[in-house]
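Let me begin by presenting the structure, written as structure tokens, before commenting on it.
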Amino acid sequence: MAGQVFRKFLPLFDRVLVERSAAENVTEGGILLPEKSQGKVLQATVLAVGSGTKGKGGQIEPVSVKVGDKVLLPEYRVTKVVLEEKEYFLFRDSDILGKYTE
């Protein structure tokens, strides 16, 4: 299902489409957290990337992340995209703070 959605929507230039990870609602000790105290989730999975931007000399500079990467997002500067009733988020490649390695 998700694969069909992303055939209909591809980010342009240096944009990256992500899906935020689920918020932790239970502490390590097993205490349930109310929704207000969970905070914003800043970790996400990359679902689609644009082709990149033109650099000096007119060559395309590719995006620094690829589909499937786990990334750290900024708290602000986000564009919300709703595709088939589900929320996704669009960031510029340069706004992504980091990439998690395995």
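So which residues in segment 47-80 are over 13 Å from Asp93 (Cβ atoms), within 16 Å of the chain's Cα centre (by Cα) and modelled with pLDDT under 85?
Glu75, Tyr76, Val78, Thr79
Residues of segment 83-102 being surrounded by fewer than 16 Cβ atoms within 10 Å (Cβ to Cβ), under 13 Å from Val71 (Cα atoms) and of a type in the set (D, E, K, R), which ones?
Matches in segment 83-102: Asp95, Lys99, Glu102.
Report every pair of residues separated by at least 6 positions or lying on different chains whose Cβ atoms are under 9 Å apart, first residue within segment 84-102 and outside any loop (DSSP other than H, G, I, E, B), second among the basic types (Lys, Arg) and surrounded by 11 or more Cβ atoms within 10 Å (Cβ to Cβ).
Sorted first by the residue in segment 84-102, then by its partner, the pairs are Glu87/Arg20; Tyr88/Arg20; Phe89/Arg20; Leu90/Arg15; Phe91/Arg15; Arg92/Arg15; Asp93/Arg15; Lys99/Lys70.
The values are calculated or read from the model by the stated rules, or taken from the named source; none is laboratory data. Since the model is a prediction, treat every value here as computed from it, not as a measurement. Please note: Cβ atoms are built from the backbone with ideal geometry, for glycine as well, and neighbour counts cover all protein chains shown.
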